[in-house]
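Every read-out reported here was derived from the displayed coordinates using simple, explicitly stated rules and does not represent laboratory data. This is a predicted model, so every value here is computed, not measured. Using ideal geometry, Cβ is built from the backbone for each residue, glycine included, and neighbour counts are taken over all protein chains shown.
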Amino acid sequence: MVGDVDERQMADINGYVSQAVHDVSTVTGARFSRELLVLAPRSEAEFARIYGSSNVADIQADTVIVAGKQPYIVFNAGRSIQMVSGPSATSTMPQVNSAQVSRKVLTHEVFHALTLTYAARRHLPLWLTEGFAEWAGQKFSGLHLTPKAKRAALPSNADMSGSNAVDAYQVATSFVRYIVKTCGQRKAIAFYSKAVVHPTGSLAALAERELGHSMPTLVAGWQHAYQSSR
Ligand SMILES: [Zn+2]
C-alpha cells in the first residue's frame, strides 16, 4: 500500500484490504498471483491526478485494469471520510461510520481486482460486474443500501454511468442479491465466475446453464419481489 494519509488511517485501510482479500477469496476462490497494490492519496486533487480525470464527484475508489497486468486500486481516502461527516452525507448514504463505508468500498474494489480482466471489464454489462462487486461490498461490510427507484429494471451501461448512477448501482445490486437468494450463493458465483472468464459468450445461455433459470424469468421474479417489498 502506498499513500500519504496519516499512519493510523494507513493501518486501518491496510486492515480493511487484508480482510477484503480474505473475504472475496473465500467466496470466489480467486487468488492474487502477486501482492495487491493500493494507492491511498489524502487529497482529492491527487486522487483525480492518479485516477486520470478531474471529474471525481461521487467516486470513492476505482480499480485500474490494464491488459495483461494485475489490477491495482486507487482509494479516495479523504473522500470516504468526508462522505459520512460532510453536509451532503445523507444524500447518498445513511449515517454510518467511516470504517463501514471504507470496508464496503474496498471490498467492492478488491472484488473487481480479484475477478476482472481487461476483456471482462470491456465486454460484460455493468449491472453484472458492478452489481456483484457491490453485493460483496455490502455483504462483508454489513452496510446494506436500498435503491430509491420505484420500479425495478435492469440498468443499462448508460444508466450505470449517468446522472442517476448512484441509484442504478443499488438497483443492479438488488438484482444480484435476488439471484443469490433465489439460486443460492454457490450457483450465483459460478455464473459470475464463468461470465468473467468468457466475457464475449452468451450471458443468457450461461444463466440457463448455471442458474437453472432464463434471464427473463429471473428479471420478472426480481421485479415482482421488488414491487412487493415497497
Ligand atoms: Zn465498481
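Numbers for the structure displayed
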read-out	value
Cut-off under 5 Å, modelled amide H: who pairs with Ala61 long-range	Asn76
Residue order, fewest to most surrounding Cβ atoms within 10 angstrom, among Asp167, Asp6	Asp6, Asp167
Under-27-angstrom lysine pairs by C-alpha in the chain, whenever the two are 8 or more apart or on separate chains	16
Exposure proxy order (Cβ contacts within 10 Å, fewest to most) of Leu203, Leu106	Leu203, Leu106
Hydrodynamic radius of the stretch 124-230 per Kirkwood, over alpha carbon pairs, in Å	13.9
Distance-filtered residues of the stretch 189-230 - backbone nitrogen under 19 Å, label point 7 angstrom along Lys150 Cα→Cβ	223-230
Linear extension gain, Gln19 paired with Lys194, 0.36 nm per residue minus alpha-carbon span	60.5 nm
For the stretch 124-230: relative contact order, % (alpha-carbon pairs under 8 angstrom, 6 or more apart)	30
Ranking of Ile50, Ile65 by count of other Cβ atoms within 10 Å, fewest first	Ile50, Ile65
Rg and Dmax [Cα atoms of the chain; Å; Rg one decimal, Dmax integer]	17.2, 50
Bridge type composition, the chain - antiparallel percent by DSSP, nearest 5	50
Residues with amide H under 5 Å from that of Gly3, placed H, sequence gap 5 or more	Ala40
Whole-angstrom gap from the stretch 155-185 to the stretch 1-56, using each part's C-alpha centre	24
For the stretch 202-212, Karplus couplings with θ = phi - 60° (6.51, -1.76, 1.60), whole Hz, Gly/Pro x	7, 5, 4, 5, 5, 5, 4, 6, 8, 9, x
P(r) tail fraction, the stretch 1-71 - alpha-carbon pairs more than 20 Å apart, %	39
